[in-house]
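Just below is one structure, and these are the notes that go with it.
Bear in mind that the values in this text are calculations on the coordinates, not laboratory data. Values in this document were obtained by computation on a predicted structure and should not be read as measured data. FYI the Cβ positions are ideal-geometry reconstructions off the backbone, even for glycines, and counts take in every protein chain you see.
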């Protein structure tokens, strides 16, 4: 029988050879193959002599110090891209007064893009805050004796649901997947709220979903990002 | 990867929580440095790669699939970043010092040597490793030093298991050839 190739020996040495491979038996019982393996081991042992220099215990903190200086600018840029794209999609909705009672652009001419984006930032921030307030109502309102939502809550949930869908679509389009995922989670809750959980059990289940998904925390993070911009 | 990143920290970081991302950076820096050093072969480039790795990771965190191993994913980012740094360094080196022939050895800090013999071995190994292609070196480093399976290595390097195997074979063959004169004398 011919001896295994160098490739076979490398696979054997690194434990990558199949248990069922018939070459295993040969390698383990053949003196010449064992000699070849020893030579390979010696070469690799020599390679092991080169060890990376040790890093101090506070190395991670020092790396963070350097890295963190680069992060805010990038985050702001990403927020800018997202929100600028959101401006084009949400402008019509905004002008129709869905989020605010302000009138559309006046007769003196179009608003500058800066002003438009600023307004949309406010609208986004408001959206996250209103969503949080609604979720807090759900979470806090299910412990007492009034388990059903009042009609106003359902109407508000419906409005927020529509707005949230627009934001989510925009977020997906500009690659803000994490934000889009949060908005999608929010939508599922808003949909249920808008349909009105009729029993205490349904209300409790809704509360559990909000808490398990840490949705209030995630909305706070998104809101904070928008406000920083 | 030795460092462990909890799902909670990961989820918070993916949501944009910088405090959570800080935990990842502080927890994984040493692992990332070790791999970056193995691939680039010197401290300066490794430090550059560490910083760039975390900046890339931060930007790509949204695209990370929660089902995959975060350690493997971060290693992939590290390996690719270290390879990029290595290529930049090679280009610069070729442009500025075409006549220099002992660059790999010169990059080892003398203060870290324990003895003349160890320094010589280290220089020989560094020279041998510098003869490997980027893929060969990365595949070898991940399999040999980081003890990742071939499947994990191929995932980290975004290539096939077959290509990873071939790269590993070529790497071992080249190392064996380069280090052959002292075979049998260092065990």
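Details
- Once C-alpha pairs closer than 8 Å and six or more residues apart are averaged by separation and normalised to the residue number of the stretch B:118-187, the relative contact order reads 36 percent.
- Proxy reagent accessibility, fewest Cβ within 10 Å first, across B:156, A:224, B:162: B:162, A:224, B:156
- Among A:220, A:32, B:22, the order by Cβ neighbours within 10 angstrom, fewest to most, reads A:32, A:220, B:22.
- Taking the three principal axes of the alpha carbon atoms in the stretch B:15-61, the coordinate ranges are 35, 18, 12 Å, sorted in descending order.
- Counting neighbouring beta carbons within 10 Å and listing from fewest to most, the residues B:32, A:67, A:122 come out as A:122, A:67, B:32.
- Inter-chain neighbour count for B:16-23: the average number of beta-carbon atoms from partner chains within 10 Å of each residue's beta-carbon is 5.
- Kirkwood analysis of the stretch B:122-177, using all unique Cα-Cα pairs, places the hydrodynamic radius at 11.0 Å.
- Projecting label points 7 angstrom from Cα along Cα→Cβ for residue B:88 and residue A:58 puts them 2.7 nm apart.
- Label-to-label distance, residue B:118 versus residue B:161, with points set 7 angstrom from Cα along the beta-carbon direction: 3.9 nm.
- Cα gyration tensor shape of the stretch A:6-47, rounded if a/c is under 1.5, else prolate or oblate by comparing a/b with b/c: oblate
- Approximate spin-label separation residue A:208-residue A:173, in nm, with each point projected 7 Å along Cα-to-Cβ: 3.8 nm
- Peptide B:26-38 shows a mean partner chain C-beta count of 4 within 10 Å per residue C-beta.
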